[in-house]
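Written out below as structure tokens is the structure these notes cover.
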Amino acid sequence: MNQKSLVQSDRVLRILLLEDSALDAELVTEALSDAKLPAAIERVISEAEFTAAVQDRRWDLILADYRLPGFDGLSALEIVRDLAPSTPFVFVSGALGEEVAVEALKRGATDYVLKERLDRLPGIVLRALAEAHERSEKRHAQDALHRLLDERTALLHELDHRVKNNLQLLLSLIGMEVRQAEDPHVRQVLGRMKERLQALAAAHRDLYDGQGSARFDAAQFARGLCEELAAALPDVNIKPEFEIGNVEVGAAKAAPMALLFNEIVVNALSHAYKERHGKLKLTLRIQDDSTLLFQLSDDAFSPEEKRAAKDSTSGTILKALARQLDAVVEWPRDDPATLVRVTMPVQEAG
């Protein structure tokens, strides 16, 4: 609401006036009336009357003298800040030095006008009301935003809970099938399916940490994945090492990236380290500000180990995930230390 609309409004302003002089109160009323500002002014003269009026009723504006018998304007200002902090407060005083005026404004007064310059009062009143209206609108917008965020957070918590329960149910069912399957090939296929679901569950856990997030911490996920898989696989004594930067990607990439990383790391541990010890060095960083590098290496892999890891990777699944991420998967033949190198863009298409 601007100042012009305030003047044109038919609404009568509710104004509380703290003033011990009846003559000065009349002059204030005339100044507002001459400016065509419709106002219902209630005058009080004591601290008790003023406190009761502020506490019991709502006011569009409070005007206050600075000096009164047994009371003062700064004390009145403190009462308003405690009981009605959003109400504009303007000093109307015959004696208000510069230092006092600055102090009053610091304590929360909206403005001040000298009694010898009451012609300025209508403009100050209009400006104070406009600023109060703007603050109120901003506060209402912030309250609505907070309510929306609270609703979104509650929805995320509900979705998070349901997804976790469903993933856990699927993992339990697959685990039962693995235990009951007699065919080794069937157990192997079900076991790989369970590993992929576990990767999805871990990505979901990292992404929805109780608050929900629009970014997926790929570095944290990859580190945890390597540590868990290296510790869990039987007959493998591999020490993970990490060269990891700060890598976050959009939430939409979380699931396919988690599955891609899982596919490559599981096959590397299962087929590239047979019957030997070693280290699994994971390199994960952003290079050239737009490309993610994911690389697994050791001191050296034999050609047989590299071929076994590459050939055992589920080609159809890996190609589908790479295509979804626009990723390039390479198995370098001329670099014995590097088993696999994956590069992909990290900037979402605009």
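Among residues of the stretch 111-131 that are of a type in the set (Ser, Thr, Tyr), those with a beta-carbon under 9 Å from a residue that is open to solvent by 70 Å² or more (accessible area, probe 1.4 Å) at least six positions away or on a different chain give the pairs Tyr112/Leu105. Checking each residue in the stretch 184-202 for being open to solvent by 80 Å² or more (accessible area, probe 1.4 Å) and either modelled with pLDDT of 80 or more or outside any helix (DSSP H, G or I) (or both) picks out Pro184, His185, Arg187.
Evaluate the stretch 240-249: report whether one residue or more is of a type outside the set (Val, Ile, Thr), under 25 Å from Lys194 (Cα atoms) and modelled with pLDDT of 85 or more.
Step one: filter the stretch 240-249 for residues of a type outside the set (Val, Ile, Thr), giving 240-243, 245-246, 248.
Next, only the ones that are under 25 Å from Lys194 (Cα atoms) stay: 240.
Okay, now just the ones that are also modelled with pLDDT of 85 or more, so 240.
Checked the stretch 240-249: at least one residue is of a type outside the set (Val, Ile, Thr), under 25 Å from Lys194 (Cα atoms) and modelled with pLDDT of 85 or more.
Right, Leu280: under 17 Å from Thr343 (Cβ atoms), surrounded by 14 or more Cβ atoms within 10 Å (Cβ to Cβ), at pLDDT 85 or above and among the hydrophobic types (A, V, I, L, M, F, W, C) or not? Break it down into steps so the answer makes sense when it comes.
On the way: under 17 Å from Thr343 (Cβ atoms): no; surrounded by 14 or more Cβ atoms within 10 Å (Cβ to Cβ): yes; at pLDDT 85 or above: yes; among the hydrophobic types (A, V, I, L, M, F, W, C): yes.
Criteria not met by Leu280.
Here Glu98 meets the list (1) open to solvent by 80 Å² or more (accessible area, probe 1.4 Å); (2) touching a residue at least 40 places away in the same chain (Cβ under 8 Å); (3) out of contact with any strand residue (DSSP E or B) (no Cβ under 8 Å at 6 or more places or on another chain) almost entirely, failing just condition (2). Selection of helices (runs of 4 or more DSSP H) fully inside the stretch 45-156 by the criterion of at least 3 residues being modelled with pLDDT under 90 returns 98-106. I'd like to know if the stretch 295-304 contains one or more residues that are among the hydroxyl-bearing types (Ser, Thr, Tyr), in contact with a strand residue (DSSP E or B) (Cβ under 7 Å, 6 or more places away or on another chain), buried (at least 20 other Cβ atoms within 10 Å of the Cβ) and within 24 Å of Val249 (Cα to Cα). Within the stretch 295-304, one or more residues are among the hydroxyl-bearing types (Ser, Thr, Tyr), in contact with a strand residue (DSSP E or B) (Cβ under 7 Å, 6 or more places away or on another chain), buried (at least 20 other Cβ atoms within 10 Å of the Cβ) and within 24 Å of Val249 (Cα to Cα).
The values are calculated or read from the model by the stated rules, or taken from the named source; none is laboratory data. Predicted model only: the values in this text are computed from it and were never measured. Virtual Cβ from ideal backbone geometry, glycine too; neighbours counted across all protein chains shown. We work out accessible area using only protein heavy atoms, side chains counted, and drop any ligands, DNA or RNA first. Shrake-Rupley method; radii C 1.70, N 1.55, O 1.52, S 1.80 Å.
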